[in-house]
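Participant: Take a look at the following structure, please.
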Amino acid sequence: VQGVSRADSVSNVEAVDLAADVGAYIQYDEVSQAPYFIYYDEQGRQHRVWFEDARSILAKLDLFSEYGFEGVGYWNVMRYFPQNWLLVSSLYDIAKLV
């Protein structure tokens, strides 16, 4: 955004809830392989919210296979999103490393 812009971080669940609260239509960008929506606040300012869902995670995981990577790291400790974990656990044997 030209001039001054500000960004906040929201979880996947918060993003979907926000879209429902503001009546926004969630779209899927085929180029970036990610869902997003646009809404306007009370002052008429436009906000664009990008987030992950099972489709976008699968698209990223497909890249690992396409390029022959031997493993995948997934860091999402404080942003639990059940659909993503179901997808990852159905595709891989998960090992917890501490």
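The values are calculated or read from the model by the stated rules, or taken from the named source; none is laboratory data. Not measured: the values here are computed from a predicted model. Cβ placement follows ideal geometry from the backbone for every residue including glycine, while neighbour counts extend to all protein chains displayed.
Participant: Could you tell me whether any residue of segment 66-85 is in contact with a Ser or Thr (Cβ under 6 Å, 6 or more places away or on another chain) and at pLDDT 90 or above?
Facilitator: Within segment 66-85 (the criterion being in contact with a Ser or Thr (Cβ under 6 Å, 6 or more places away or on another chain) and at pLDDT 90 or above), the answer is no, since none of the residues qualifies.
Participant: Considering each residue of segment 55-96, count those that are under 20 Å from the mean Cα position of the chain (by Cα), surrounded by fewer than 10 Cβ atoms within 10 Å (Cβ to Cβ) and part of a helix (DSSP H, G or I), and give that number.
Facilitator: 1
Participant: State yes or no: is D21 acidic (D, E), in a helix (DSSP H, G or I) and farther than 23 Å from L87 by Cα?
Facilitator: yes
Participant: So how many residues does segment 24-66 have that are within 19 Å of L86 (Cβ to Cβ) and among the charged types (D, E, K, R)?
Facilitator: Of the residues in that region, 5 qualify.
Participant: Let me ask you something else. State which residue is modelled with the lowest pLDDT when the search covers only segment 45-54 and only residues that are exposed (fewer than 12 other Cβ atoms within 10 Å of the Cβ) and of a type outside the set (S, T, N, Q).
Facilitator: Restricting to residues being exposed (fewer than 12 other Cβ atoms within 10 Å of the Cβ) and of a type outside the set (S, T, N, Q), the top hit is R45.
Participant: Still on this structure, I have one more. With the condition kept exactly as written, say whether any residue in segment 55-70 is closer than 23 Å to V98 by Cα and not hydrophobic (A, V, I, L, M, F, W, C).
Facilitator: Yes, that holds for at least one residue.
Participant: Are there any pairs, at least 6 apart or on different chains, whose C-beta atoms fall under 8 Å, with the first in segment 24-35 and surrounded by fewer than 11 Cβ atoms within 10 Å (Cβ to Cβ) and of a type outside the set (S, T, N, Q) and the second at pLDDT 95 or above and not in a strand (DSSP E or B), and if so, which?
Facilitator: Y25/A19
Participant: Then there is this: Out of all the residues in segment 2-18, which are part of a loop (DSSP other than H, G, I, E, B), under 15 Å from W50 (Cα atoms), aliphatic (A, V, I, L, M) and free of Cβ contacts under 8 Å to residues at least 40 places away in the same chain?
Facilitator: A7
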